[in-house]
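The values are calculated or read from the model by the stated rules, or taken from the named source; none is laboratory data. If you're wondering where the values come from, they're calculated on a predicted model, not measured in any experiment. Here the Cβ positions follow ideal geometry from the backbone for every residue, glycine too, while neighbour counts run over all protein chains shown. Surface areas here come from the heavy atoms of the whole protein model, side chains and all, with no ligands, DNA or RNA. Shrake-Rupley method; radii C 1.70, N 1.55, O 1.52, S 1.80 Å.
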Amino acid sequence: MTEQNFIPKPYGKHIESGVVAWESPSNIALIKYWGKKKDQIPENPSISFTLNSCKTITKVSFFKKNDVVNFEFDVFLDGKKKVDFKPKIQTFFERVEDYLPFLRNYKFKIETENTFPHSSGIASSASGMSALALCLMSIERDLLTPLEVTDEYFNQKASFLARLGSGSACRSIEGDIIVWGETKQIEGSSDLFGIKYPYKVHDNFKDYQDTILLVDKGEKQVSSTVGHNLMHNHPYAKNRFQQAHENFEKLKPILESGDLKAFIALVESEALTLHAMMMTSMPYFILMKPKTLEIINKIWKFRQDTGSNISFTLDAGANVHVLYPKNESFEVLEFIKNELVVYCQNGHYICDQIGMGAKKIN
Ligand code: DP6
């Protein structure tokens, strides 16, 4: 597969206007994407659990226009016009226009909302960009004949387009475990789009829970894009990228056998390695907060005292994703309520779990 595969044939159908809508989830990486080349080509492979409840719902209305000079679109979040969202979408349209040649022929109204609070510090770029990519794919599907767009091609191209919006967004199209980035450990893996994890997964990981503790809902001091770029000339970058491949080799037997202790060690190490890369960048930065560390220490103590299979992971922020098997939900949620909620801003946390990917809304 190359980029060329995603350039469509001339559109056979003529459509004046229409409406499409999708809901698309967020995802949480187990092996982290941190470091990229141009156009979100990742420096290393990553793998994530697709989430279920944290999602973006996007409706795109489109109207044929006469000129093809500019992209024309308006963006609304929760019904309010968001002019500050426009530059990101303008850049996205520029990046994908070769693959979606209809973009200049229509005026778009993009209406979007998230199921999680906007000020939660949860990145909405994965769910938001994947939802938009899926809407655009639905429009393209309508412009082509059904036989020209198989479901496999549809998902692959949606993931390819989402990646051009935000790297991790390419892992939000399908569920429940998605790999992105070429590695010899995973047959069919690609830098261009995410694929479903193709090997056996033990029942221990079915319905895996992710409770997101909202430690800091503020704007991040350093964006992911800036952080990724600091991996260029980073003193540990080469080893880190190598380690991600090696962690795939370790993760395969863990997912197959259901070895939760080994899973915990790998996932927590990945989270702390991600933040170690931030701390050893130049300029260096720290996204964890004191409360993030308090939570991590409490989780470790609880695990030691009770033998629980609770673990944590982090994305590029201070919030903590608490991961655990479904059959331990009762004990872990009691522990969260009794001991961890005090570290959450306004006591807020979100209960989510592994999900099956985006859904079209009719
Ligand atoms: C730490 O996908 O947000 O969450 O490609 O620049 O949009 P861009 O970055 P983004 O980076 C996410 C990084 C991460 C790890 C991960 O999700 O794999």
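Given a cut-off of under 8 Å on Cα pairs at least six residues apart, what relative contact order in percent is computed for the chain? Numbers along the way, then the final one.
Values: 729 pairs, mean separation 85.1, N = 362.
Here the relative contact order equals 24 percent.
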With the full set of protein chains in place, find how many percent of the accessible area of the range 3-198 is carbon and sulfur; take the probe as 1.4 Å.
49 percent
Could you give me the ³J(HN,Hα) list for the range 92-97, computed from phi with Karplus coefficients 6.51, -1.76, 1.60 and θ = phi - 60°, whole Hz, x at Gly and Pro?
4, 4, 4, 5, 9, 5
Cut-off under 22 Å on the C-alpha distance; same-chain residues fewer than 8 positions from LYS298 excluded. Which lysines are left, in chain and number order?
LYS217, LYS261, LYS289, LYS326, LYS337
Tell me, what are the semi-axes, in whole angstrom and largest first, of the equivalent ellipsoid of the chain as set by the roots of 5 times the Cα gyration tensor eigenvalues?
35, 22, 20
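Mind checking the dipole of the range 3-198: about its Cα centre, +1 per Lys or Arg Cβ, -1 per Asp or Glu Cβ, Debye to the nearest 20? Don't skip to the answer; put the middle values down first.
Details: 25 positive and 25 negative charges, 84 e Å.
For this selection, approximately 400 debye.
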Report in % the part of the accessible area of the range 205-353 that belongs to carbon and sulfur, leaving out ligands and nucleic acids; probe 1.4 Å.
54 percent
With 10 Å bins from zero, work out the P(r) of the range 3-198 over every alpha carbon pair and list the percent per bin.
9, 38, 36, 15, 2
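Considering only DSSP states other than H, G, I, E and B, which trypsin sites (Lys or Arg not before Pro) in the range 213-308 qualify as loop sites with at most 13 other Cβ atoms within 10 Å?
On the way: sites: LYS217, LYS220, LYS238, ARG240, LYS250, LYS261, LYS291, LYS298, LYS301, ARG303; in loops: LYS217, LYS220.
Hits after loop and neighbour filter: nothing returned.
Whole number please: convex hull volume per residue of the Cα set in the range 44-130, in Å³? Walk me through the numbers on the way to the answer.
Details: hull volume 11.3 nm³, N = 87.
Expressed per residue, the convex hull around the Cα atoms of the range 44-130 is 130 Å³.
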Calculate, for THR306 and ASP151, the FRET efficiency according to 1/(1 + (r/R0)^6) with r their C-beta to C-beta distance and R0 35 Å; round to the nearest 0.05.
0.20
Between the range 219-264 and the range 340-356, how many Å separate their Cα centres?
23 Å
So how much slack lies between LYS337 and LEU293, counting 0.36 nm per residue of separation and subtracting their Cα-Cα distance, in nm?
14.1 nm
With Cα coordinates, the longest principal axis of the chain makes an angle with the long axis of helix 125-143, in degrees rounded to 10, of 30 degrees
According to a simple spin-label model (label point 7 Å from Cα along Cα-to-Cβ), what is the distance in nm between ALA276 and LYS196?
3.5 nm
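What's the FRET efficiency of ASN70 with LYS38 using the Cβ-Cβ distance as r and R₀ = 35 Å, to the nearest 0.05?
Values: r = 24 Å, r/R0 = 0.69.
The computed FRET efficiency comes out at 0.90.
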I'd like to know which of ILE47, PHE102, PHE71 lies farthest towards the positive end of the charge dipole of the range 47-159, counting +1 on Cβ of Lys and Arg and -1 on Cβ of Asp and Glu.
PHE71
With no solvent and one equal point scatterer placed on each C-alpha of the range 205-353, evaluate the Debye formula and give log10 I(q)/I(0) for q = 0.13, 0.19 Å⁻¹, two decimals.
-0.63, -1.22
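Taking 8 Å as the Cα distance limit and 6 or more residues as the minimum spacing, I'd like the relative contact order of the range 3-198 as a percentage.
Working: 408 pairs, mean separation 53.4, N = 196.
The normalised contact order for the range 3-198 reaches 27 percent.
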Solvent-accessible area per residue, Å², over the chain with all protein chains present [probe radius 1.4 Å]
45 Å²
Below 8 Å between Cα atoms, with a sequence gap of 6+, how large is the relative contact order for the range 221-362 in percent?
20 percent
On C-alpha positions alone, give me the angle between the axis of helix 290-306 and the longest principal axis of the chain, in degrees, nearest 10.
60 degrees
